[in-house]
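Shown next, in structure tokens, is the structure this report addresses.
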Amino acid sequence: MTGEIVINPGEGGVVRLFSVDLPEADLRALAAPDTAAGAAFAQDPRPYLPAIPALLGCETLDSLRADLFPIRDLAGLGLAGYLAQGYDISEAQLAPHRAALDALRNFTLVLPSEATPDGATLRPHPSLRLIARLETPKAAISMTRLTSEAGRGWGSGGETPTPAKGSRPTRALVLAALVVLAIALWLWLTLR
């Protein structure tokens with residue numbers, strides 16, 4: 001059993017891997033509680049997705065970005081291969097968890113932090129156990145200066161652009177508006 005997990009807003013590049021120790025029939029019941037949905041269960045390519053919020057104790061997550069599947073679906077690839085290829089997790093990160101990954105036999109739940117962009121507090125079901133918290137590689141950010149004309153402007157260190165002529169009201173226009181307002185006020189007060 002795993003205790004409460006707090007995911008901070010804006011957390012990115014983290015993948016949490018849980019083992020799910022529930023019989024398949026119980027997962028099916030969580031995923032498709034009514035019999036009408038159960039009939040469509042066999043045709044659904046990701047039939048266990050509806051069970052994810054209940055398993056994690058969090059209704060605000062985007063379960064389409066998470067994954068819940070039986071380990072047997074990874075025949076030939078294995079869970080470590082799935083994480084390496086699907087989430088770009090390095091071998092150096094997978095190595096300390098290799099024995100635990102290879103020992104999993106039932107179901108696994110993969111929760112990338114992108115499933116909770118606004119943050120969340122998870123209260124995992126007693127059948128869930130956190131196996132690993134892994135990090136995906138961060139994209140390299142380049143701070144090179146833009147070379148196109150569109151990249152020039154306020155932040156480029158050049159001159160501050162001046163507004164086009166006539167784009168601001170002139171003093172005469174403001175004065176004329178004040179005179180019209182004063183006459184309208186005088187008429188209103190005298191004719192009342």
Here is a list of conditions, (1) of a type outside the set (S, T, N, Q); (2) under 22 Å from P9 (Cα atoms); (3) at pLDDT below 90, and R133 meets all of them except one; can you say which number that is?
-> (3)
Before we move on, is Q93 outside any loop (DSSP other than H, G, I, E, B), under 23 Å from the mean Cα position of the chain (by Cα) and surrounded by 13 or more Cβ atoms within 10 Å (Cβ to Cβ)?
-> yes
Considering the stretch 63-73, residues that are surrounded by 14 or more Cβ atoms within 10 Å (Cβ to Cβ) and closer than 19 Å to R28 by Cα, and then whichever is modelled with the lowest pLDDT, we arrive at S63
Within the stretch 117-137, the count of residues that are touching a Ser or Thr at 6+ places or on another chain (Cβ under 6 Å), crowded, with 17+ Cβ neighbours inside 10 Å and not β-branched (V, I, T) comes to 4
Are any of the residues in the stretch 64-73 part of a helix (DSSP H, G or I) and within 23 Å of the chain's Cα centre (by Cα)?
-> yes
Being hydroxyl-bearing (S, T, Y) and under 22 Å from H125 (Cα atoms) is the filter; apply it to the stretch 19-49 and report the residue that is modelled with the lowest pLDDT.
-> Y48
Among the residues of the stretch 149-161, is any under 30 Å from E59 (Cβ atoms), part of a loop (DSSP other than H, G, I, E, B), modelled with pLDDT under 85 and not hydrophobic (A, V, I, L, M, F, W, C)?
-> no
Test E114 against the criterion of being surrounded by 11 or more Cβ atoms within 10 Å (Cβ to Cβ), among the acidic types (D, E) and either part of a loop (DSSP other than H, G, I, E, B) or modelled with pLDDT of 70 or more (or both), and give yes or no.
-> yes
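The values are calculated or read from the model by the stated rules, or taken from the named source; none is laboratory data. What you are looking at is a predicted structure, and each value in this text was computed from that prediction instead of being measured. Every residue, glycine among them, receives a Cβ derived from its backbone with ideal geometry; neighbour counts consider all protein chains shown.
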